Amino acid sequence: MSNAKVLQLRAAGVSLVLDCSGPALPSVLHWGADLGALDEAALVSLREGAGAVQTGNGLDDNKPVAIIPEYSAGWFGLPGLNGHRDGQDFSASFELTEVAQSGNAVQVTAADPQAGLSLALVIELTDSGLVRAKAELTNTGTSVYTVDQLLLALPVPTEATELFDMTGRHIGERHPQRHAFTQGAHIRDNRRGRTGADATLLLIAGTPGFDFGAGELWAVHTAWSGNHRSYAERGMSGYAVIGGGELLLPGEGRLQPQGSYGTPWIYGSYGIGLDQMSTRFHEYLRARDTHPKTDRPVVLNTWEAVYFDLDLDKLKALADAAAEVGAERFVLDDGWFRGRRDDSAGLGDWYVDEGIWPKGLHPLVDHVTGLGLQFGLWFEPEMVNPDSDLAREHPDWILATGNRMPPTARHQQGLNLGIPEAWNYLLERIDAILTEYDISYIKWDHNRDFVDGGNQQTGTAGIHEQTLGVYRLLDELKRRHPKVEIESCSSGGARVDLAILERTDRVWGSDSNDALERQKIQRYTQLLLPPELIGCHVGPPKAHTTGRTQSLAFRASTALFGHFGIEWDISLATPEEREELAGWVALHKALRPLLHTGRVVRADRGSDDFLLHGVVAQDGSRAVFSAVQVAQSITSDLGRVRLPGLTKDRTYQVTKLATPGPQPRHSAPWWQDGGTVKLNGAALASVGVQVPAQWPETAVLLEVQAID
Ligand code: DGJ
């Protein structure tokens with residue numbers, strides 16, 4: 001073992017102090033505000049001062065909770081490792097064997113020779129101040145060892161007494177919910193075989209009443225696209241933790257001798273307010289080599305425009321209209337492949353349908369690219385309709401168990417990517433289509449939860465392999481076609497996590513293009529993801545998912561803040577609508593360098609009728625805010641609206657941002673006739689400005705420019 005004892009990692013205002021003095025697994029002595037550089041004596045002192053105390057009727061040697069909490073060390077909460085060797089070795093007790101530090105990355109190895117297990121842990125503090133950790137467990141014994149669960153946990157202080165997480169549904173993803181963080185465990189399990197529309201992107205513990213701008217908070221994200229758990233647990237020992245890991249189905253963690261199981265990355269963020277948490281995640285994602293570098297092309301997606309009604313002339317007219325309003329990418333959604341006339345048949349038969357496309361997709365692709373637009377194509381590779389040639393030829397490739405078929409969902413079943421022949425078939429088919437056509441973008445869909453997700457050939461559970469299989473497939477396609485961008489879509493936003501985003505370039509936020517729903521869905525999806533990674537489209541005037549009718553200004557000013565697109569049959573729109581839409585596309589193009597690189601800031605005003613959303617340039621030189629009237633206000637005058645996130649001692653000019661289309665008359669006196677307010681960032685954050693009284697489901701945009 002090295003001499004490393006107590007290690008301090010520091011970045012972006014965060015200190016992480018790890019007790020690696022052994023022999024027990026590392027524990028986190030501090031994860032929170034930066035402590036300045038502590039010398040060795042101070043770090044040892046911190047360990048002594050922060051150590052566990054002995055309590056009445058407790059263990060004589062009470063230990064702090066380790067990053068993998070151990071039953072053997074006296075942790076009575078959820079154990080980090082649950083597993084056994086045919087009933088034996090049911091409780092591991094690891095001892096450190098090696099600690100290595102390289103910059104802000106710590107690698108720890110540990111072993112329990114008695115149980116025949118070794119462990120490799122990686123704990124990092126990223127430049128943006130995120131903690132991330134993962135573990136790999138190896139069976140060093142001579143018989144099969146079964147991992148039932150391997151969770152990683154980060155301690156949070158006693159002061160974190162409130163929990164915030166998210167739930168949701170198809171067309172209604174990311175509803176926030178709050179709870180008191182009391183004794184016991186708050187567990188968010190997901191067994192849907194995909195990340196889930198109801199999955200919490202983040203599980204957050206904080207001081208009472210924390211909000212976008214205030215309160216200390218600690219958050220965790222479990223980066224996994226299959227079954228997974230995120231949890232918060234407060235034990236009687238005085239420790240509280242937040243953590244997560246994969247949820248393994250029975251037998252999925254069987255390790256042969258020398259076999260290994262690796263956990264997903266668990267990400268943690270400490271900071272003040274939800275906005276700082278988002279900033280840490282956004283900066284981390286933006287610093288990746290794979291983060292999209294080019295302006296995010298304005299999309300026209302055919303789904304809500306034509307659904308399955310694919311006709312070459314109609315699609316060409318739609319592409320013409322898309323080009324006319326300034327779109328830069330045309331995406332042909334579902335329905336182009338063999339036998340797919342509606343959602344009941346064809347999934348799995350990834351050949352261009354000869355009936356609709358006698359000359360293949362060439363006439364459409366050539367037309368679209370001839371207009372100067374990129375061409376994108378929809379796939380749903382992990383699925384199969386029972387009514388398909390693929391299912392008829394390979395019924396054993398369907399994810400199933402027990403000589404029965406799972407209940408269908410949207411008339412479909414899962415295709416088992418754990419079967420090499422099925423995986424190879426998909427690779428060959430998608431690769432062939434990407435090779436034949438000039439395709440810049442894949443919309444990669446996944447439209448059902450898996451039930452009974454088993455491997456018929458082996459009789460074992462198949463979701464773990466399925467998840468790894470889709471990662472491998474995406475990785476191989478990216479290797480072969482590095483310029484093709486891929487969108488992670490899953491009935492809208494049911495596959496949003498940082499593991500899928502290691503191999504995809506954006507997510508589809510939701511199947512709801514209703515701007516009112518979208519305001520909230522985008523607001524909370526942006527807790528984790530920067531706006532440029534979230535597809536946000538202008539739908540038709542009457543939303544197909546709610547029946548609400550909204551103005552083009554409200555629909556477009558809502559989509560404006562994400563990766564902008566259109567999902568509406570604009571070949572049928574009026575000339576006035578098209579002209580206005582072209583104005584919004586132009587406005588988005590002008591603003592996207594700011595919107596897609598700036599810092600996201602938000603404010604609530606203690607009620608659900610109004611929300612403020614903004615993006616501030618990294619250098620604080622400018623910002624755009626959207627003041628959104630979600631519902632009718634109780635009061636007729638909103639009062640002043642504070643504009644957070646600007647540089648306190650810089651002077652700014654605030655003006656109404658000119659938007660296309662009909663202009664309502666506004667009631668804020670300074671607002672009329674091109675008026676401006678000139679104030680410093682401190683005053684704008686603390687005093688704010690009056691915004692006009694608005695009707696429900698309208699928004700006004702404010703432009704803020706530094707003038708000093
Ligand atoms: C679900 C997606 O979320 C939609 O956008 C669309 O692609 C349909 N699937 C197509 O079946």
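Numbers for the structure displayed
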read-out: Where N is the number of residues in the range 444-575, Cα Rg divided by 2.2 N^0.38 Å; value: 1.23
read-out: P(r) histogram, all alpha-carbon pairs of the range 7-165 included - 5 Å bins from 0, percent; value: 2, 8, 17, 20, 20, 15, 11, 5, 2, 0
read-out: Normalised alpha carbon radius of gyration of the chain [divisor 2.2 N^0.38 Å]; value: 1.00
read-out: Estimated D of the range 585-682 in µm² per second, where Rh is the Kirkwood radius over Cα pairs and Stokes-Einstein applies at 4 °C, 1.567 mPa s; value: 87 µm²/s
read-out: Projected-area mean, the range 298-427, by convex hull of Cα positions, square nanometres; value: 8.5 nm²
read-out: Stokes-Einstein translational diffusion, the range 275-335 - Kirkwood Rh over all Cα pairs, 1.002 mPa s, 20 °C, in µm²/s; value: 153 µm²/s
read-out: Selection of chymotrypsin sites (Phe, Trp or Tyr not before Pro), the range 270-328, meeting DSSP coil and at most 16 other Cβ within 10 Å; value: 307, 308
read-out: Per residue accessible area of the range 495-638, 1.4 Å probe, in Å²; value: 28 Å²
read-out: Distance (nanometres) between label positions extended 7 Å along Cα→Cβ at residue 59 and residue 158; value: 2.0 nm
read-out: Accessible area in square angstrom per residue, the range 41-183, 1.4 angstrom probe; value: 45 Å²
read-out: Descending semi-axes in Å of the range 509-666, equivalent ellipsoid built from Cα gyration tensor; value: 25, 18, 16
read-out: Estimated translational D of the range 19-102 in µm²/s (Stokes, Kirkwood radius over Cα pairs; 20 °C; 1.002 mPa s); value: 145 µm²/s
read-out: Cβ charges +1 (Lys, Arg) and -1 (Asp, Glu), total dipole of the range 458-570, debye; value: 140 debye
read-out: Projected area averaged over orientations for the range 354-450, convex hull of C-alpha atoms, nm²; value: 7.2 nm²
read-out: Rounded Å value of the spacing that divides the Cα centres of the range 265-327 and the range 62-79; value: 42 Å
read-out: Descending semi-axes in Å of the range 455-498, equivalent ellipsoid built from Cα gyration tensor; value: 24, 16, 8
read-out: DSSP beta bridge pairing in the chain, given as percent antiparallel to the nearest 5; value: 85 percent
read-out: Cβ-placed point charges (K, R +1; D, E -1), dipole of the chain about Cα centre in debye, nearest 20; value: 1320 debye
read-out: Debye log10 I(q)/I(0) at q = 0.21 Å⁻¹ for the range 500-578, Cα point scatterers; value: -0.89
read-out: DSSP-assigned coil residues among chymotrypsin sites (Phe, Trp or Tyr not before Pro) in the range 27-86, each with at most 16 further Cβ atoms within 10 Å; value: 76
read-out: Protection proxy ranking, peptides 410-420, 315-325, 112-122, average beta carbon neighbours within 10 Å, highest first; value: 410-420, 315-325, 112-122
read-out: Surface per residue (accessible, 1.4 Å probe) for the range 224-310, Å²; value: 32 Å²
read-out: The chain - percent of accessible surface contributed by carbon and sulfur, probe 1.4 Å; value: 50 percent
read-out: Protection proxy ranking, peptides 140-152, 482-494, average beta carbon neighbours within 10 Å, highest first; value: 482-494, 140-152
read-out: Residue-level accessible surface for residue 286, protein heavy atoms, 1.4 Å, Å²; value: 50 Å²
read-out: Distance between modelled label sites at residue 642 and residue 287, nm, 7 Å Cα→Cβ extension; value: 2.9 nm
read-out: Cα pair distances of the range 227-379 binned at 10 Å [whole percent]; value: 9, 22, 18, 22, 20, 7, 2, 0
read-out: All-pairs Cα distance distribution in the range 92-167, expressed in whole percent, bin size 10 Å; value: 15, 37, 30, 17, 2
read-out: Enclosed volume per residue, in Å³, of the convex hull spanned by Cα atoms of the range 54-98; value: 104 Å³
read-out: Two-decimal log10 I(q)/I(0) for the range 564-606, as the Debye equation yields it once each C-alpha is a single scatterer, q = 0.16, 0.27 Å⁻¹; value: -0.60, -0.94
read-out: Point-charge dipole on Cβ atoms (K/R +1, D/E -1) for the range 377-536, about Cα centre, debye to 20; value: 380 debye
read-out: Kirkwood Rh and Cα Rg combined as Rg over Rh, evaluated for the range 195-270; value: 1.07
read-out: Overall Cα dimensions of the range 590-647, principal axis frame, Å, largest first; value: 37, 22, 15
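The values are calculated or read from the model by the stated rules, or taken from the named source; none is laboratory data. Values in this document were obtained by computation on a predicted structure and should not be read as measured data. Here Cβ is always computed from backbone atoms with ideal geometry, including for glycine, and neighbour counts include all displayed protein chains. The protein model used for the area step is the full one, side chains on, heavy atoms only, and it has no ligands, DNA or RNA in it. Shrake-Rupley method; radii C 1.70, N 1.55, O 1.52, S 1.80 Å.
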